[in-house]
1. So for ARG450, ARG126, ARG549, fewest C-beta neighbours within 10 Å to most, what's the order?
2. Under the definition of Cα pairs under 8 Å and six or more residues apart, what whole-number percent is the relative contact order of the chain?
3. I need the shape label for segment 34-156. Rule: rounded when a/c is under 1.5, else prolate if a/b > b/c, else oblate, with a, b, c from the alpha carbon gyration tensor.
4. Restrict the search to segment 419-457; then list the GluC sites (Glu not before Pro) that DSSP places in a loop and that have at most 16 other Cβ atoms within 10 Å of their Cβ.
5. For log10 I(q)/I(0) by the Debye sum over Cα atoms at q = 0.06, 0.09, 0.10 Å⁻¹, the choices are (1) -0.31, -0.69, -0.85; (2) -0.35, -0.76, -0.92; (3) -0.43, -0.85, -0.98; which was calculated from the structure?
6. So for ASP523, ASP103, ASP175, fewest C-beta neighbours within 10 Å to most, what's the order?
7. Which listed residue (GLY551, GLY522, PRO480) has the Cα farthest towards the positive end of the charge dipole for segment 474-572, taking +1 on Lys and Arg C-beta and -1 on Asp and Glu C-beta about the Cα centre?
8. Relative to the Cα centre, what is the charge dipole magnitude of segment 1-117, using +1 at the beta carbon of each Lys and Arg, -1 at the beta carbon of each Asp and Glu, and rounding to the nearest 20 debye?
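Every number here is computed from the coordinates shown, using simple stated rules; none is lab data. Here the structure is a predicted model, which is why all the values come from computation and not from measurement. Note that we place each Cβ from the backbone using ideal geometry, even for glycine, and neighbour counts take in every protein chain shown.
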Amino acid sequence: MRWSQILIPTLKEDPSDAEVISHKLLVRGGFIRQVSRGIYDYFPLALKVIRKIENIVREEMDGAGAQELLMPIASPAELWQESGRWEIYGKELIRFKDRNDRDFCLGPTHEEIVTDLVRRAVRSYRELPFNLYQIQTKFRDEVRPRFGLMRGREFIMKDAYSFHTDVDDCKREYDNMVSTYRRIFDRCGLKYRPVEADTGAIGGSLSHEFQVLAESGEDAIVSCNSCDYAANLEKAAVKAHQPAARDLTAEAPGLEKVSTPGKKSVAEVAGFLKLAPDKFIKTMVYQVNGDELVAALVRGDHEINEVKLQTALSCREITLANEAAVVAATGVAPGYLGPIGLKLRTIADLSVQSMRGAVTGANEANAHYIEVDQERDFTPTAFADIRLALAGDHCPRCDQGRLEANRGIEVGQVFYLGRKYSELMGATYLDAEGRERPIEMGCYGIGISRLVAAAVEQNHDDNGIIWPSSIAPFQVLVLPINYTDKATREAADLLYGELRQRGLEVLLDDRDERPGVKFKDGDLIGIPLRITIGAKGLQKGSLELRWRREGKLIDIPITGAAQTIYSHFSKSS
């Protein structure tokens, strides 16, 4: 392709609304432009990258035994009502009515559609198992679309769904997809980590996310420095708390109420009393399923993990209660609340168990208790792991390791759904004895367009993008210094043709631009290999090679240059 024949609208300045490097470079490099918040045009360079990622995904999914199909983006409301998600999915589900006043939505995911497809097509155990996948545009009305392609409203996704007669076979396919995803992300040239994850709105009982490691990642993840344990922070377990042995011969100091005028937060009270935050028991009040108030207790230096709390309470939804609701229920404002005498259902983190010499709110304004002994002074309704894991925590899986914290960009997720959708929607099969049984299901997603952004976040420098070769829009950039010079033009055209004849993807910069502009644009769009052709080199019978990632300049003879370059790509593929 000649540069003069392809639309690459590069920019010199970063877009004003871009916060992360992938957004800045993809806009500046002429890959994408925003149409509306979270909705983008994909220019030719971007689409080339997307198609390469799609081809890798297709090859690996087909090789793993999955079958590609295509489902509609518009879903009738009745399918979502059967699963219960029409009511609970929230405002991310964009809904509309057709001309006959029937309710529809744009599919953010396709569990309902594919379950309906299978329940109408499958009758016998002999037709199972199978795995169906599609690559399709999705729409989720994100409350805060941001970071370019990393958190858009409209995006391209590969979603797959598998169907099985039993749990063991479904988990076999789950493991098959984990292995397939590893191959996909390896081929895309990314550094990533599979981590245990919460199942969220998709549901099910088992899930792993694939996180591309990047400082700009939205997700916090922790991993063990000794074993292979890794988890999203929402899911990360905390090693079971072992209460300290109590000295039964020593008499514990008695409970004491102290004045803490105007001091509410742990930091304020800790500074006032000159005590460390880990001596405090923090009381937070949550509204559960829209009505009941529940108190959650964590140590003062810890934070509540609301995903874990929701799981521990086995509830549909939780939100932090506002001050008015707390005062109405307890008679005291948050900040002075404590578990002693509190008339609310109370769940305490495991680290609170058997605490002695602790500080809590005294359930009256401007006062706290000191020398609190959990076993003596209050008994929660239950203990559970409800806190966020921290860097430095003991690994929950092995005895030697400690957790380390990283940032990640979620680019894929696999779920064991079990019977969540098949039971709700009546997707069954007849077993060998003729008995009707619900189908076991798994689902597996990859964010194709998000992968584009993740690759840039992980592969760039101050000058622009550095595409991994496997997903670069072109493999080679032929850059003649002065294309209007006859000798230079002929040499560039000849090399361009020879490389294309050998099957390489080549972009020829045939623009009548200053060399500095060409070099800057070439670095910005990130093609792996640049070949510079200039009058001085031609006089010596040589060309200049520069690999975008390494940045080193190498002179090679013009004679045989096309074969030399082709041989390199053949060895690396």
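1. In increasing order of surrounding Cβ atoms, one gets ARG126, ARG549, ARG450.
2. The value is 17 percent.
3. In terms of gyration-tensor shape, oblate.
4. Those that pass, being in a loop and sparsely packed, are GLU433.
5. Checked against the structure: label (3).
6. ASP175, ASP103, ASP523
7. GLY551
8. The dipole magnitude comes to about 820 debye.
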